[in-house]
1. Quick one: angle between helix 16-27 and the longest Cα principal axis of the chain, in degrees between 0 and 90, rounded to 10, please.
2. Taking R0 as 45 Å, what's the FRET efficiency between residue 170 and residue 312 from their Cβ-Cβ distance, rounded to 0.05?
3. Can you compute the charge dipole magnitude of the chain about its Cα centre, using +1 on each Lys and Arg Cβ and -1 on each Asp and Glu Cβ, nothing else charged? Give it in debye, rounded to the nearest 20.
4. Percent relative contact order of the range 159-313, based on C-alpha pairs within less than 8 angstrom and at least six residues apart?
5. I'd like the FRET efficiency for residue 5 and residue 287, computed as 1/(1 + (r/R0)^6) with the beta carbon distance as r and R0 of 30 Å, rounded to 0.05.
6. For the ranges 230-243, 275-288, what's the packing order if you count other beta-carbon atoms within 10 Å of each residue, average per peptide, and put the highest first?
7. Rounded, prolate or oblate: which fits the range 140-210 when a ≥ b ≥ c are the square roots of the eigenvalues of the alpha-carbon gyration tensor, with rounded for a/c under 1.5 and prolate only if a/b beats b/c?
8. Which is the longest part of the chain that has none of the GluC sites (Glu not before Pro) sitting in a DSSP loop with at most 10 other Cβ atoms within 10 Å?
Amino acid sequence: MEKKSHYRVIILGSGAAGFTAAIYAARANLEPLVIEGSQPGGQLTITTDVENYPGFPNGIMGPDLMEKFKEQAVRFGTETLFGEVTSVDLKKRPFLVIVGKESYTCDALIIATGATAKLLGLESEAKLMGHGVSACATCDGFFFKDKNLVVVGGGDTAMEEATFLTKFASDVSVVHRRDTLRASKIMQDRAVKNPKISFIWDSIVDKVYGDPKAGGVTGVRLKNLKTGETQDFKTDGLFIAIGHEPNTKLFVGKLDLNPAGYIVTHDGTNTSVSGVFACGDVQDHVYRQAVTAAGTGCMAAIDAERFLESRAH
């Protein structure tokens with residue numbers, strides 16, 4: 001069978017948004033191609049238990065959930081391609097998408113490249129990710145009832161996560177590299193007034209202790225940036241809250257992005273280029289949940305279908 005190079009719809013990204021868009025586009029007989037990207041399955045693949053996705057009363061493992069999304073998309077005729085897009089040309093239609101040495105064209109493009117949580121970059125952090133180390137309090141806070149937690153960061157995200165975690169944890173220590181917070185006044189006040197939250201200033205986490213196979217995180221090593229001294233600090237979990245970075249490097253100068261780099265959408269999932277749609281965390285810096293990403297993936301597919309329909313007449 002000759003390999004196809006032109007598709008009516010190409011979807012970039014294989015997380016909850018990308019595969020939901022694929023399910024809807026495939027059911028509309030658009031035979032979409034999903035280019036899976038550098039992290040097939042998206043951010044959910046680094047989450048162990050997902051307990052807040054509707055329809056799974058006993059929870060489901062993140063990678064298993066994404067496998068089900070993929071199976072459903074493929075069942076309706078979605079093609080998938082393992083690879084990373086190296087460049088796109090959105091100046092003329094059909095749009096051009098380059099993956100390594102191969103090039104593909106499409107009449108409509110759906111961008112679901114997601115965002116990446118900024119991490120500390122420690123080997124011990126990577127080893128314990130999903131085993132007591134998390135970058136999402138709303139995803140994982142529930143697992144830390146009556147535990148002691150550490151949150152790293154000093155911005156709005158960190159204050160929001162720390163405040164949210166006090167619903168479950170017995171106490172939350174915020175570790176910040178400076179001696180003042182960057183967070184907005186209202187978020188700072190809320191955190192400072194919370195009796196369960198304490199602050200460790202001028203410090204960073206430079207090692208995470210624990211064993212992924214035996215109970216996860218047991219503590220962290222803190223380093224004071226002013227004195228250089230280190231101390232071991234007992235904790236049951238580490239939440240990294242130093243922000244997210246949208247995966248939009250490919251689209252700089254090609255689509256309207258907001259100051260933080262997220263794709264700007266209007267009237268649903270339309271971007272600044274007609275026929276290009278964006279869904280999921282690449283355009284949503286507020287909710288960042290699998291279920292909201294899936295919702296906008298559905299919207300993007302419907303918007304793309306209507307766009308193609310309107311051009312067919």
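1. 20
2. Working: r = 60 Å, r/R0 = 1.34.
Here the calculated transfer efficiency is 0.15.
3. Details: 34 positive and 37 negative charges, 81 e Å.
Charge dipole, the chain, about its Cα centre: 400 debye, nearest 20.
4. This gives 12 percent for the range 159-313.
5. 0.25
6. Working: 230-243: 19.9, 275-288: 24.1.
My ranking of the peptides, most packed first, is 275-288, 230-243.
7. Values: a/c = 1.94, a/b = 1.14, b/c = 1.70.
Since a/c reaches 1.5 but b/c is at least a/b, the shape of the range 140-210 is classed as oblate.
8. Working: sites that count: 2, 229.
Here the longest run is 3-228.
Any read-out appearing in this document is the output of simple, stated calculations on the displayed coordinates, not a laboratory observation. On a predicted model such as this, the values are computed, not experimentally measured, just so you know. Here the Cβ is made from the backbone with ideal geometry for all residues, glycine too, and neighbour counts use every protein chain on show.
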